[in-house]
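Here is the structure we will look at, set down as structure tokens.
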Amino acid sequence: MGFAIRVYKFREGEVVPVDASVVREVLEPYAPYDVPDGQSVEWVRAADGSEADVHLDHGVAFDRPGPGVLDPIAEVARRTRAAVLLFGDPAAAIVTCEEDRAHLPEDLREVAVVAPSSVLTGATIQQVIRPRPEPRPRPALPPFPYHPDPVATGSVTAAAETCVCCGYDQGWICTGPVYGADVPDGRVCPYCVAFGTAAERYGAFFNEVEARRMPDDVARRIRERTPNFATWQDWDWPAHCGDGGVFLGAVGAEELRSHPQALDHLRRQCAEWGWGPETTEGFVGALDKDGGQTAYLFRCRLCDTHFAHADFT
Ligand SMILES: [Zn+2]
Ligand SMILES: [Zn+2]
């Protein structure tokens, strides 16, 4: 265990020195040696025999503290009104009041726990820094050539949910609707989508496609074996260069700025609708990836062109 617990004091996000004489006063009884005058305690041993190396600079760092050392650490924090910090993943911080939390750097402020001085003991520290349960390991997702990152687009999400098709909790579930007359109620896992099991078993499908603009096997792949994504209006999965487009995600005006090709494509669609430049610019400028009028970004696998499709109202 190469971890260290640090006791640091912060004011407005910056480290300020702790009172070295108070630190010495607290730690000296735990030092298993005579601490020379004017020097700080560099080694402590608790009643249970556990030890820690101690480094004092602006704050105090306790290297590999054993369980018994947590009590003197808590005492140093109480007496100096400093924060107890554990860096690492996840980081942890304990402060004794809300006011002190406000002085922490931003990233620590969010994770900090407030334990009033009266209850800040070694046991409190133990509780806060106790290794937390590891997130459940999830299997790799199957490849979706026309929807390569369905987790990023929100179409597949981590879940402990039984798939209505295979009957297993696979750790992942598709969030979108499943179409088809014989489809049971419920959601399906991405494996039953990718391997065509849901399509075979229930005649399920997930998307409508611009069928005559792409080969049948591509159309079937997108229709039956590709997770769908939420749109405000129904429209068919678009094609480019005789192939299905690769769906990259929902975009708004801001995201489209870095895809000028896709933006131009949208403007041309607006022009085809008979919109003038002013209406068009008003429309594309108001696009929002999270709601209202949204655009959907695609890439062509053959010519690499980015293009967008929008919900028109
Ligand atoms: Zn399944
Ligand atoms: Zn193309």
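With K and R counted +1 and D and E -1, the other residues having a Cβ less than 9 Å from that of ASP100 yield a net charge of +1. Loop-resident chymotrypsin sites (Phe, Trp or Tyr not before Pro) (DSSP state other than H, G, I, E or B) in the range 1-38 with no more than 16 further Cβ atoms inside 10 Å of their Cβ: PHE3, TYR33. Net charge near GLN261: determine it from the other residues with C-beta under 10 Å of the C-beta of GLN261, scoring Lys and Arg +1 and Asp and Glu -1. Summing Lys and Arg as +1 and Asp and Glu as -1 gives -1. The solvent-accessible area of VAL111, taken with every protein chain present and a 1.4 Å probe, is close to 60 Å². The overall shape of the range 1-70 is oblate: from the C-alpha gyration tensor, with semi-axes ordered a ≥ b ≥ c, the ratio a/c is 1.5 or greater and a/b is no larger than b/c.
For ARG301 and VAL119, compute 0.36 nm times the residue count separating them, minus their Cα-Cα distance, and round to one decimal in nm.
Between ARG301 and VAL119, full extension yields 59.4 nm more.
Measuring with a 1.4 angstrom probe and ignoring ligands and nucleic acids, VAL114 comes out at about 50 Å² accessible. Ligands, DNA and RNA are left out, and with a 1.4 angstrom probe the accessible area of the chain is 52 Å² per residue.
Classify the range 238-284 as rounded, prolate or oblate, taking a ≥ b ≥ c as the square roots of the eigenvalues of its Cα gyration tensor: rounded when a/c is under 1.5, otherwise prolate if a/b is larger than b/c and oblate if not.
It is oblate, given that a/c is not under 1.5 and a/b is not larger than b/c.
Two numbers describe the Cα atoms of the range 154-309: Rg and Dmax, which are 17.1, 53 Å. Residues ARG64, ARG81, ordered by accessible area of protein heavy atoms at a 1.4 angstrom probe radius and largest first, appear as ARG64, ARG81.
Under the Kirkwood approximation applied to all pairs of distinct alpha-carbon atoms, what is the hydrodynamic radius of the chain in Å?
It is 24.2 Å.
Only Lys, Arg, Asp and Glu carry charge here, each on its Cβ (+1 for the first two, -1 for the last two); on that basis the chain has a dipole of about 680 debye about its Cα centre.
Entry note, the chain: relative contact order of 11 percent, from Cα contacts under 8 Å with a spacing of 6+ residues.
Would you mind classifying the range 87-161 by shape? Square roots of the alpha carbon gyration tensor eigenvalues, ordered a ≥ b ≥ c; an a/c under 1.5 is rounded, otherwise it is prolate if a/b is larger than b/c and oblate if not. Prolate is the answer for the range 87-161, as a/c is 1.5 or above and a/b outweighs b/c. Modelled spin-label separation between ALA286 and GLN39, with each label point placed 7 Å from Cα along the Cα-to-Cβ direction: 7.4 nm. Rolling a 1.4 Å probe over the protein heavy atoms leaves THR80 with an accessible area of roughly 10 Å².
Take the Cβ atoms of VAL15 and ARG64, set R0 to 25 Å, and the FRET efficiency comes out at 0.70.
If R0 is taken as 22 Å, the Cβ-Cβ distance between GLU254 and GLU110 corresponds to a FRET efficiency of 0.30.
The values are calculated or read from the model by the stated rules, or taken from the named source; none is laboratory data. All figures in this text were calculated on a predicted structure; none of them were measured in a lab. For neighbour counting, all protein chains shown are included, and Cβ atoms are generated from backbone atoms with ideal geometry for every residue, glycine included. All accessible areas refer to the heavy atoms of the entire protein, side chains included, with ligands and DNA or RNA removed. Shrake-Rupley method; radii C 1.70, N 1.55, O 1.52, S 1.80 Å.
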